[in-house]
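Inspection log for the structure reproduced underneath, given as structure tokens.
The values are calculated or read from the model by the stated rules, or taken from the named source; none is laboratory data. Keep in mind it's a predicted model, so treat the numbers as computed, not measured. Here Cβ is always computed from backbone atoms with ideal geometry, including for glycine, and neighbour counts include all displayed protein chains. Please note that ligands, DNA and RNA were not included when accessible areas were found on the heavy atoms of the full protein model with its side chains. Shrake-Rupley method; radii C 1.70, N 1.55, O 1.52, S 1.80 Å.
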6 protein chains.
Amino acid sequence: MQSHFIEKKFAYDGTQLRSLFAYLDHGILGPSIVSWQGPCSISFDHMVDGEDLLAKAVIQGDEMLHFIIEVFDRDLFSGVLLQRMFASIAKDYLQHNSSSVLGERSLHRDGDDIYLDDRKLSISIATRSPVSVMVHFAMNVTNKGTPVETLSLGDLKLDPRRVSEDLMTLFRKEFISIVTATQKVRPVP
Amino acid sequence: MQSHFIEKKFAYDGTQLRSLFAYLDHGILGPSIVSWQGPCSISFDHMVDGEDLLAKAVIQGDEMLHFIIEVFDRDLFSGVLLQRMFASIAKDYLQHNSSSVLGERSLHRDGDDIYLDDRKLSISIATRSPVSVMVHFAMNVTNKGTPVETLSLGDLKLDPRRVSEDLMTLFRKEFISIVTATQKVRPVP
Amino acid sequence: MQSHFIEKKFAYDGTQLRSLFAYLDHGILGPSIVSWQGPCSISFDHMVDGEDLLAKAVIQGDEMLHFIIEVFDRDLFSGVLLQRMFASIAKDYLQHNSSSVLGERSLHRDGDDIYLDDRKLSISIATRSPVSVMVHFAMNVTNKGTPVETLSLGDLKLDPRRVSEDLMTLFRKEFISIVTATQKVRPVP
Amino acid sequence: MQSHFIEKKFAYDGTQLRSLFAYLDHGILGPSIVSWQGPCSISFDHMVDGEDLLAKAVIQGDEMLHFIIEVFDRDLFSGVLLQRMFASIAKDYLQHNSSSVLGERSLHRDGDDIYLDDRKLSISIATRSPVSVMVHFAMNVTNKGTPVETLSLGDLKLDPRRVSEDLMTLFRKEFISIVTATQKVRPVP
Amino acid sequence: MQSHFIEKKFAYDGTQLRSLFAYLDHGILGPSIVSWQGPCSISFDHMVDGEDLLAKAVIQGDEMLHFIIEVFDRDLFSGVLLQRMFASIAKDYLQHNSSSVLGERSLHRDGDDIYLDDRKLSISIATRSPVSVMVHFAMNVTNKGTPVETLSLGDLKLDPRRVSEDLMTLFRKEFISIVTATQKVRPVP
Amino acid sequence: MQSHFIEKKFAYDGTQLRSLFAYLDHGILGPSIVSWQGPCSISFDHMVDGEDLLAKAVIQGDEMLHFIIEVFDRDLFSGVLLQRMFASIAKDYLQHNSSSVLGERSLHRDGDDIYLDDRKLSISIATRSPVSVMVHFAMNVTNKGTPVETLSLGDLKLDPRRVSEDLMTLFRKEFISIVTATQKVRPVP
């Protein structure tokens, strides 16, 4: 698994969640996690979460830290599990690195979302392309432009670029360790 | 997914990690998580972690809280991810429910293990049977009989039965939500 | 598996055979069978059976009872088998419930079709979407507007709504029993 | 798919349900259905149906018509569906060819079993080997030696050898048509 | 696996690499290899090799011998392996049948390409459709119109039609032997 | 993919073809190709090729160069293709490096075997374990002790150790290039 921070800022509008985005747009080959900073605004045409479509949800924010994960040759069940692992890793990381701000309060993960009490930090979806499973995960850098009460990396006094690099490193390490764990175990009857 | 606490105490010796253990021994049909309390001592014949076999590891404890997860029709990659999710859920639960003991100290998850500093709380393995993927996860109830410096639910002032029931409920909820997430998403190109 | 009868009448034109039709249009989540009554007319653009395309077949009827089955995470081989099971269940049900009309004559199933002698009662196709396998199965409510000599539920003196509800119940029961049968069997060498 | 009737009579004791039985014992290569006549008596060691094991069921008969189906490279879900299709084909065939005996009475299929009222004609299990899915299906030739009230091919005035050949031909035709149906259909979105 | 030489000459422009091309355009059902002669010119819209897209490669030739392989129900890893096998078979065949031209010089295969020294004989890509894996493989009949220094069947004094028929026969034989090899082997622990 | 030459000589008796052989016996983790030199004698108990079992074949040689390939998470169809690729790579390598001995004569590959005219150089089988697909491939170092007329590396004046290292390097390169090829291609409709 390769990781890459894209220096250029650009908006996530849902079209980035397509197979080979990391390779064809950024030259990153194979299983990957890429990240960048930019606004978020997803039209219904590119909204893939059926629950959001049914709810006619507004998904937007003025500035978010985006991640796109792509893994080949796996089913969607694994894709959702990878998404949940990423959310879990992110939650632990943020809790650990924002202790001065959070004090005794705790972030919590609910499925693929991270919250502080009722304030939502993140959005996410896992889906599949014809050749891969893909995850979009994004955290508010600021609370501006979000349709509900949110939490942001700004609130947590965290630098988005540093958060991006650290989370990509942690996820990459976890991914490699998971693959390894499938290759060193004896079967049972 | 069904869950079940087995009232009777018995030792985990590795032979419980076989397909249909929950169904044939305890009548629990389908994807399941079952749990019980008892000692742990795994012979090399029933040790499935190749890393432990190479290290000639001693895996034992006088009293542990055991969990066995079985999920059908999935690959081992998913099985390892389910194992990591369980470890992550357990870590969060224990942190949240032991705050009076832990104070500002934090439990941390490393792969499938839970630690407080260098003290290891848990052991775990994910493997596959011919018809399913299976996870064994166990936490020390006491530190007696363990071959290394460990942490136990006793140290955390937690009741094993309550921990068992709560973790099975949380995992079951997570599993259902993961399956659902694979059935409500549109594909991408 | 959930089942649902859609009260509103509308035409089947082939576009209903797409992933998440039951969820996005009718709020039915997960593996499902949905049914409704309406005309049938499928353009070549939305005809998925290559055999029909090569034959430039006309597929239409003034009033049919439609079923759409969607099952996630299975291959097309399973999808075709589910289609054949549905045809088999439908044939048995109709035979049993039309004895006063049929007398000693027998309906028969040939692949995914149901016939009385040369009169064709049904049309069907099984295919796959990027996230699921899907089946369309429809029976003539009337013989009007069909391009060949047909049989209809009207000929059999059967109420389409009742047939719909009964067949969905029977198929749902069979589906659950099939899934269960994969979770209670020991492997062989 | 090849089919083969084994002339020699021998007992089914459960050990025949193993991968490559048709190839290694009878030279039939590839997906296959083989059949023979003989007693049936399955010890608990070779009983693979967990439900029977839990019920400590007695599975035996003095003379049965046995079928073993083996299909490579498919999941158990497909294996159970193939089993149900075979039961469905057998039921239709027997109903059609025993009309002089049955009169207005109807055989019915319940899952993988065939009944006349409460009299059970058949036993069956679908399972998987490491390289294939396998089905055992057997019908009583006589009611002697069966532990419950049963129906037999003798009751239906049917010649086991003829039934065997006809059912293997019908199943083979169905199997080929199912595979073909997976290779001539366009995907849907 | 069926094979078929398409008599009519036509250009390969990338749109032929779609599921059911052999069946819907040429009536060839099931796993297949089809072949024809014609120019080659692939627009970026129909270029599926990401490496070519990133390199903005020009892929064309005035006259090539084209092959399209389609195999159902396999993953892309198998599709790439089938492509490499075809390249290997083609290389051996051409070496053997051009000895009078080649003398002591050897053709060599590098991944999916065939070369004589630096002169490239072939282009190829393996990809997947929603229902199958597909391979396009083409060899220059002439060196006219190619963007780099190439080798052609003309240089090797070989008749394209004969090459086509022979390679399809060899590949078909290999494919059948591979499938057979998966159905006659015992599993290991 | 890792590769490893095992310095110690030992006999191949069929028991080496088991999952995790490279890891548990030689510490090589993940997809791997390992090789060693030693006699070959396979008892019927450990013979996995059904064709050999039916033929009661004698498989032995006094000194062979053995290779075991293990790849996780793939089906047997891929396993057989990997085996054929290895045979093809080996044949090309030997032809190229034995030109002084072979002159104008050509080695040829037939399925998984390499021949010079009727003299057989190699034996091979591909099978699956519960967690992986595995290939055994071996070439005679000497013709002593073989049950049929054979060819050996000695006849070709080749050093087994050098052949081993070169073939492992070539196969490893091919494997990586195949995996890469599955991660850089756009799907087709």
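Descriptive notes on the structure:
- DSSP beta bridges in chain B [antiparallel fraction, %, rounded to 5]: 85 percent
- Net dipole in debye of the range D:93-189 [+1 Lys, Arg Cβ; -1 Asp, Glu Cβ; about Cα centre; nearest 20]: 460 debye
- Counting Cα-Cα pairs of the range F:89-140 in 5 Å increments starting at 0 gives whole-percent bin shares of 4, 18, 27, 21, 12, 8, 5, 3, 1.
- Along principal axes, Cα extents of the range F:29-91, largest first, whole Å: 31, 26, 26
- Average beta carbon contacts from partner chains per residue of E:175-181, 10 Å cutoff: 6
- Annotation note: GluC sites (Glu not before Pro) in the range F:106-189 located in DSSP loop regions with a Cβ neighbour count of at most 10 within 10 Å are F:GLU149.
- Cα-based reach from F:LYS56 at 17 Å (exclusive), listing aspartates and glutamates while leaving out same-chain residues under 8 positions away: D:ASP25, F:ASP13, F:ASP45
- Peptide A:46-53 - average C-beta neighbours from other chains (10 Å radius): 5
- The trypsin sites (Lys or Arg not before Pro) of the range C:1-41 that DSSP puts in a loop, and whose beta carbon has at most 16 other beta carbons within 10 Å, are C:LYS8, C:LYS9.
- A Förster radius of 45 Å combined with the Cβ-Cβ distance from B:PHE44 to B:LYS157 puts the calculated FRET efficiency at roughly 0.80.
- Chain D - accessible surface per residue (Å², probe 1.4 Å): 38 Å²
- Rounded, prolate or oblate (a/c below 1.5 giving rounded, otherwise prolate when a/b exceeds b/c) for the protein assembly as shown by Cα gyration tensor: rounded
- A point 7 Å from Cα along Cα→Cβ stands in for B:SER177, and the other copies hold the same point at 2.2, 3.6, 4.7, 4.7, 5.5 nm, listed in rising order.
- Proximal aspartates and glutamates to C:LYS173, defined as alpha-carbon separation beneath 17 angstrom and excluding residues fewer than eight positions away on the same chain: C:GLU70, C:ASP92, C:GLU165, D:ASP110, D:ASP112, D:ASP113
- Positive-pole candidate from B:LEU121, B:LEU102, B:VAL133, dipole of the range B:89-172, charges at beta carbon: B:VAL133
- Note, ³J(HN,Hα) from phi for the range B:152-167, Karplus 6.51, -1.76, 1.60, rounded to Hz, x at Gly and Pro: 9, 4, x, 4, 8, 6, 10, 7, x, 4, 5, 4, 4, 4, 5, 5
- Gyration tensor verdict on the range C:126-168 (Cα atoms; rounded if a/c is under 1.5, prolate if a/b is larger than b/c, oblate otherwise): oblate
- Ranked from shortest, the separations from the 7 Å Cα-to-Cβ label point of B:ASP110 to its equivalents in the other copies are 3.3, 4.5, 5.7, 5.7, 6.9 nm.
- Each Lys and Arg Cβ is given +1 and each Asp and Glu Cβ -1; about its Cα centre, the range D:1-56 then shows a dipole of about 180 debye.
- Helix content alone sets the calculated 222 nm mean residue ellipticity of chain C: runs of n ≥ 4 DSSP H residues at -39500 (n - 2.57) each, divided across all residues, give -10000 deg cm²/dmol.
- Converting phi to 3J(HN,Hα) with the Karplus coefficients 6.51, -1.76 and 1.60 and the offset θ = phi - 60°, the range A:130-139 yields x, 10, 7, 9, 9, 10, 10, 9, 9, 10 Hz in sequence order, with x at every glycine or proline.
- Cut-off under 5 Å, modelled amide H: who pairs with F:SER3 long-range: F:ILE33
- Rounded if a/c under 1.5, otherwise prolate or oblate - the range A:1-56, Cα gyration tensor axes: prolate
- Gyration tensor over the Cα atoms of chain A: the corresponding equivalent ellipsoid has semi-axes (square roots of 5 times the eigenvalues, largest first) of 25, 21, 17 Å.
- For A:THR146, the amide hydrogen comes within under 5 Å of the amide hydrogens of A:ASP62, counting only partners 5 or more places away or on other chains and with H modelled in the peptide plane.
- Qualifying trypsin sites (Lys or Arg not before Pro) in the range C:27-115, where qualification requires a DSSP coil assignment and no more than 12 other C-beta atoms within 10 Å, comprise C:LYS56, C:ARG105.
- Accessible area that becomes buried as A packs against B, both chains, 1.4 Å probe, Å², nearest 100: 3900 Å²
- Of D:LYS8/D:LYS157; C:LYS91/C:LYS157; D:LYS120/D:LYS157; D:LYS184/E:LYS184, those spanning more than 26 Å from alpha-carbon to alpha-carbon: D:LYS184/E:LYS184
- Estimated vicinal HN-Hα couplings, Hz - the range C:20-36 in sequence order (Karplus 6.51, -1.76, 1.60; Gly, Pro = x): 6, 4, 5, 7, 6, 9, 9, x, 9, 9, x, x, 8, 10, 10, 8, 7
- The charge dipole of the range E:11-106, taken about its Cα centre with unit charges on the Cβ of Lys, Arg, Asp and Glu (plus for the first two, minus for the last two), comes to roughly 220 debye.
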